[in-house]
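See structure below.
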């Protein structure tokens, strides 16, 4: 660097260049450790992003109230990916440039997968609390983990429920064409095999508000049940409009739909919808204290609040255990430790998936979600 | 099923048509694409949900459904008219004699501003409103059709008839047509151009607000970016029918709604939007000035 300055012979320019480099170098105060949370913080899925943010914030606050992390305060950066893959990559780059030691997020598989490429190049650990698409961990990246299940497990449970419990013979399948939605719909279809006939299979447009056209066609196929792979804004409108066009069969969907906003959008039409998700975390004894604190700070937790909390705990504990902010060390620590979180024991396999995950079927009843059915043999 | 799809399409198209009228009227008098028009519709939808929530809270909708609906429409119309008026005064009038590109940029700027303004004021999450009219379909000729759809179609047709009468029969309507033909000449014969243009914006905004309120009731859900897609679709409808032409915008809206609904139902719901734009391209190739568009020479 000094060589260059000499050659330039311009003190002013040298000062400017120094200010430039100095500027970026100093942007990270040495007495804090930065972690980040990313998800859809604005837009139609912002409820989920904010649930994630609240969960992580609570975990960070706990560390800061006690000893801090490696003797330093933890600083939380929040990134809004607007469930847009392009935006997710931009956020990921921003995080990497701000020197975060780890990321909790993203929420959507379609955001997690491209963002994880960026984190992978920088070797920064990423723990997603919600992205269930198999490809998130199937690429063999040593820095990618998740504290939720996989869609091949989820699709299997949904298919078993539809075939064995509902005894459906004719099934219509809709999906929102996203990595998550279409992926889940395809896993469901695959797992269903020839136990029921798929009489209709089609994508819908995410962000669209009018599905009466496609639903009217679904009615004419006379299904016993219809499956939707997607998120709650479309899910809520689908069940609501299904009733309006006279499609009076239950909808089965996945963990992307299980949120109170789904019920708000669909109203009474939401009742009788079956959703695959992990068992109720708010009932677990280990979660009670966090539940109380969460309610005091933010109100009722969302379906993924506690997973975000646990993901942050796994990350922060791993940093503490590794004794370093170096990505390689943290990844090692996450992989080799088993952590007892509020959602259960979190231990990762070689891919970064949880060793034990469980999916059950929930039902929407009087505007509330409750556990309804467990696959046999568990 | 065909009849049901047609009703679906007409309800969708009625909303497009109402918004498209605002585009086409402003283009008619100013030769300007008012890209912020979709945001006026979005504000109308927000106001619909906010007023309905308020009237439900005070117990008005439960007892006087028709009265409260009427108040919601009037309230949203007044509010949006104010926005339309301000928009014209702030973003377009100072640029009326500027380069053609300047008002266009100003329009896009206003659109971005209004979106973010509403996001900051109302939050980035979806605003949801519970059902007002019964969602159970009624059987018409053995086909389940929801009352809301009939309501939307009838209200839109009523508003469109009103607009047509206004433009054809009243003095102001005549002034508006004169301004559309030749602004300078209209000014010379004593028409207050500024007033006519302002009124054009007000009428366009009122129609958009009605569309917004109906959509708020129809889907029970609004967010700050619904104006963007609706604006693009309505603009497409206006171009399809021949921009600057009022019956053209109405026809364009209904055609677009029908194409989308039938395309989604019979061909593929994944490519619903593609059909809408495909039909636009085909029409523009065969009839460059749109279905009912006037020949460009008349304007000179």
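The values are calculated or read from the model by the stated rules, or taken from the named source; none is laboratory data. Predicted model, so just to flag it, every value in this text is computed and none were measured. Because the Cβ atoms are built from the backbone with ideal geometry, glycine has one as well, and the counts that use them run over all protein chains shown.
Here residue A:279 clears all of (1) more than 20 Å from the chain's Cα centre (by Cα); (2) closer than 20 Å to residue A:131 by Cβ except the condition numbered (1).
The single condition among (1) surrounded by 23 or more Cβ atoms within 10 Å (Cβ to Cβ); (2) outside any helix (DSSP H, G or I) that residue A:300 does not meet is (1). For the stretch A:194-242, a residue qualifies if it is without any contact (Cβ under 8 Å) to a residue 24 or more places away in the chain and part of a loop (DSSP other than H, G, I, E, B), and exactly one does: A:194. Note on the stretch A:131-147: residues that are assigned to a loop (DSSP other than H, G, I, E, B) and surrounded by 24 or more Cβ atoms within 10 Å (Cβ to Cβ) amount to 4. Scanning the stretch B:54-70 for residues that are surrounded by 13 or more Cβ atoms within 10 Å (Cβ to Cβ) and either within 19 Å of residue B:151 (Cβ to Cβ) or touching a helix residue (DSSP H, G or I) at 6+ places or on another chain (Cβ under 8 Å) (or both) yields B:55, B:56, B:60, B:61, B:64, B:65, B:68, B:69. Among the residues making up the stretch B:259-282, those that are closer than 19 Å to residue A:219 by Cβ and either away from chain A (no Cβ under 11 Å) or under 21 Å from the mean Cα position of the chain (by Cα) (or both) are B:260, B:261, B:272.
Residues A:200, A:232: which one is more than 9 Å from chain B (Cβ to nearest Cβ) and either touching a strand residue (DSSP E or B) at 6+ places or on another chain (Cβ under 8 Å) or more than 29 Å from residue B:225 (Cα to Cα) (or both)? Explain how you work it out, then say what you get.
Values: A:232 fails: either touching a strand residue (DSSP E or B) at 6+ places or on another chain (Cβ under 8 Å) or more than 29 Å from residue B:225 (Cα to Cα) (or both).
When all the criteria are applied, what remains is A:200.
Scanning the stretch A:83-109 for residues that are crowded, with 24+ Cβ neighbours inside 10 Å and more than 21 Å from residue A:327 (Cα to Cα) yields a total of 4.
Check whether at least one residue in the stretch B:24-42 is part of a helix (DSSP H, G or I), touching a strand residue (DSSP E or B) at 6+ places or on another chain (Cβ under 9 Å) and buried (at least 24 other Cβ atoms within 10 Å of the Cβ), and report yes or no. Walk me through it before giving the result.
First, pick out the residues of the stretch B:24-42 that are part of a helix (DSSP H, G or I): B:24-30, B:37-42.
The next check asks that each one be touching a strand residue (DSSP E or B) at 6+ places or on another chain (Cβ under 9 Å); those that pass are B:42.
Going one step further and asking which of them are buried (at least 24 other Cβ atoms within 10 Å of the Cβ), we end up with B:42.
So far as the stretch B:24-42 goes, yes, one or more of its residues are part of a helix (DSSP H, G or I), touching a strand residue (DSSP E or B) at 6+ places or on another chain (Cβ under 9 Å) and buried (at least 24 other Cβ atoms within 10 Å of the Cβ).
If only residues of the stretch A:235-262 that are facing chain B (nearest Cβ under 9 Å) and under 24 Å from residue A:48 (Cβ atoms) are counted, the one that is farthest from the chain's Cα centre (by Cα) is A:241. Taken over the stretch A:264-281, the criterion of being at the interface with chain B (Cβ under 7 Å from one of its Cβ atoms) and on the phi > 0 side of the Ramachandran plot is satisfied by A:267 alone.
The rows are residues; the columns are (1) over 24 Å from residue A:183 (Cα atoms); (2) at pLDDT below 90.
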site: A:237; (1), (2): no, no
site: A:242; (1), (2): no, no
site: A:249; (1), (2): no, no
site: A:252; (1), (2): no, no
site: A:256; (1), (2): no, no
site: A:268; (1), (2): yes, yes
site: A:273; (1), (2): no, no
site: A:284; (1), (2): yes, yes
site: A:287; (1), (2): yes, no
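I'm checking my understanding of the structure. Among residues of the stretch A:209-224 that are closer than 18 Å to residue A:177 by Cα and more than 7 Å from every other protein chain (Cβ to nearest Cβ), which one is farthest from the chain's Cα centre (by Cα)? Among those that are closer than 18 Å to residue A:177 by Cα and more than 7 Å from every other protein chain (Cβ to nearest Cβ), it is A:218. Restricting attention to the stretch A:286-297, the residues that are crowded, with 17+ Cβ neighbours inside 10 Å, under 22 Å from residue A:261 (Cα atoms) and either within 15 Å of the chain's Cα centre (by Cα) or free of Cβ contacts under 8 Å to residues at least 60 places away in the same chain (or both) total 1. A single member of B:66, B:29, B:72 is farther than 30 Å from residue B:180 by Cα and modelled with pLDDT of 90 or more, and it is B:72. The condition of being surrounded by 24 or more Cβ atoms within 10 Å (Cβ to Cβ), assigned to a helix (DSSP H, G or I) and under 12 Å from the mean Cα position of the chain (by Cα) holds for only one of B:207, B:256, B:240, that being B:207.
Could you please give the count of residues in the stretch A:20-43 that are at pLDDT below 85 and within 14 Å of chain B (Cβ to nearest Cβ)?
Total satisfying the criteria: 1.
Of all the listed residues (A:346, A:355), the sole one being surrounded by 23 or more Cβ atoms within 10 Å (Cβ to Cβ) and either within 14 Å of chain B (Cβ to nearest Cβ) or farther than 16 Å from residue A:60 by Cα (or both) is A:346. One residue stands out among those in the stretch B:111-128 that are in contact with a helix residue (DSSP H, G or I) (Cβ under 8 Å, 6 or more places away or on another chain) and at the interface with chain A (Cβ under 9 Å from one of its Cβ atoms): the one that is farthest from residue A:264 (Cα to Cα), which is B:124.
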